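Each remark here refers to the structure printed beneath this line.
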């Protein structure tokens, strides 16, 4: 298969690209780190078939120079989006987070619509922020959306992906939880205080963390690409979400460090503003109900197993 990955130079995109190349697929990564129109064919003899191409998604109809790379592809895995925790949430940064997802997806769908030979499959990223902070309520794919900034962002993001229906054969939307990988993302930011013996729960510690091992997320995408009955919304989270307190204890055990020093909620709000409640002090207890029903099996279902494997 030829698979195009807009936003594929990010944390999960890099792992996915490597796995797809190892499977023998041709992979085209669309990245903003290259100027639009620049195409670089990698010469890695161990993993042939990788192309990096510059793009600048702006919500237009997808007829830029990069759009031709989607024409004739088997599938698109759209991962475009500004990292949500890269900066404090100012008005401008929130607009950047939303627009990078909504306008980026609009550009991808525009390119699919303009293609003479459109891809059959679109796997589009979303996030469990769709559900907002729901305490200990168990959430599945049919659960109602929330109404905070991230929920509204996800609703608009998914709405753009749905515009590809009728052109493609299958649309898969993955609402991803906290993806665990020591090389980046949330886990990388959690490690320093634990390594310095000052780690612990955030706020009350009672908020749920719905997480997924990066390798299971990659396998979930690979499974979605080749399994014809997979279509619609899927929660990309491990089947055993944990509270922040439980997560902190498991992380401390994996690092052979204590997890006794909580970070007070007021301090996190003072330091991070609105982002603290959305990303750290709130939580979602999410189940991957549809993936489990269709037979997908997670290799890393418990947080202790996942962290031990990642950090060993």
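The values are calculated or read from the model by the stated rules, or taken from the named source; none is laboratory data. As the structure is a prediction and not an experimental result, all values here were calculated from the model. Cβ coordinates were reconstructed from backbone atoms using ideal geometry, including for glycine residues, and neighbour counts include every protein chain displayed.
Restricting attention to the stretch 174-209 and to residues that are assigned to a strand (DSSP E or B) and out of contact with any helix residue (DSSP H, G or I) (no Cβ under 6 Å at 6 or more places or on another chain), the residue that is surrounded by the most Cβ atoms within 10 Å (Cβ to Cβ) turns out to be 174. Just one of (1) more than 21 Å from residue 11 (Cβ to Cβ); (2) within 16 Å of the chain's Cα centre (by Cα); (3) buried (at least 22 other Cβ atoms within 10 Å of the Cβ) fails for residue 212. It is (1). Within the stretch 121-133, the residues that satisfy the criterion of being outside any helix (DSSP H, G or I) and in contact with a strand residue (DSSP E or B) (Cβ under 7 Å, 6 or more places away or on another chain) are 121, 122, 123, 124, 125, 126, 127. Selection of the stretch 291-305 for residues being surrounded by 13 or more Cβ atoms within 10 Å (Cβ to Cβ) and more than 15 Å from residue 254 (Cα to Cα) yields 291, 292, 294, 296, 298, 301.
Of note, residue 215 satisfies the criterion of being under 15 Å from residue 306 (Cβ atoms), assigned to a helix (DSSP H, G or I) and either in contact with a helix residue (DSSP H, G or I) (Cβ under 8 Å, 6 or more places away or on another chain) or in contact (Cβ under 8 Å) with a residue 24 or more places away in the chain (or both). Might you let me know whether the stretch 82-101 holds any residue that is assigned to a loop (DSSP other than H, G, I, E, B), in contact with a strand residue (DSSP E or B) (Cβ under 7 Å, 6 or more places away or on another chain), at pLDDT below 95 and within 23 Å of residue 277 (Cα to Cα)? No, because not a single residue in the stretch 82-101 is assigned to a loop (DSSP other than H, G, I, E, B), in contact with a strand residue (DSSP E or B) (Cβ under 7 Å, 6 or more places away or on another chain), at pLDDT below 95 and within 23 Å of residue 277 (Cα to Cα). Scan 240, 228, 246 and give me the residue that is in a loop (DSSP other than H, G, I, E, B) and crowded, with 16+ Cβ neighbours inside 10 Å. None of the others qualify; the one that does is 240. The sole residue among 48, 118 that is modelled with pLDDT of 90 or more, in a loop (DSSP other than H, G, I, E, B) and over 18 Å from the mean Cα position of the chain (by Cα) is 118.
When we screen 292, 280, 307 for residues that are assigned to a helix (DSSP H, G or I), touching a residue at least 12 places away in the same chain (Cβ under 8 Å), closer than 16 Å to residue 209 by Cβ and over 18 Å from the mean Cα position of the chain (by Cα), the only hit is 307.
Take the conditions in contact (Cβ under 8 Å) with a residue 12 or more places away in the chain, assigned to a loop (DSSP other than H, G, I, E, B) and surrounded by fewer than 19 Cβ atoms within 10 Å (Cβ to Cβ) and apply them to residue 269. Does it pass?
no
Scanning the stretch 51-77 for residues that are modelled with pLDDT of 90 or more, outside any strand (DSSP E or B) and touching a strand residue (DSSP E or B) at 6+ places or on another chain (Cβ under 6 Å) gives 69, 70, 73, 74.
The number of residues in the stretch 141-160 that are touching a strand residue (DSSP E or B) at 6+ places or on another chain (Cβ under 7 Å) and surrounded by fewer than 23 Cβ atoms within 10 Å (Cβ to Cβ) comes to 2. Screening residue 275 on (1) over 17 Å from residue 204 (Cα atoms); (2) crowded, with 17+ Cβ neighbours inside 10 Å; (3) under 21 Å from the mean Cα position of the chain (by Cα) shows it passes everything except condition (1). Among the conditions (1) surrounded by 14 or more Cβ atoms within 10 Å (Cβ to Cβ); (2) more than 19 Å from residue 2 (Cα to Cα); (3) touching a residue at least 24 places away in the same chain (Cβ under 8 Å), residue 82 misses just one, which is (3).
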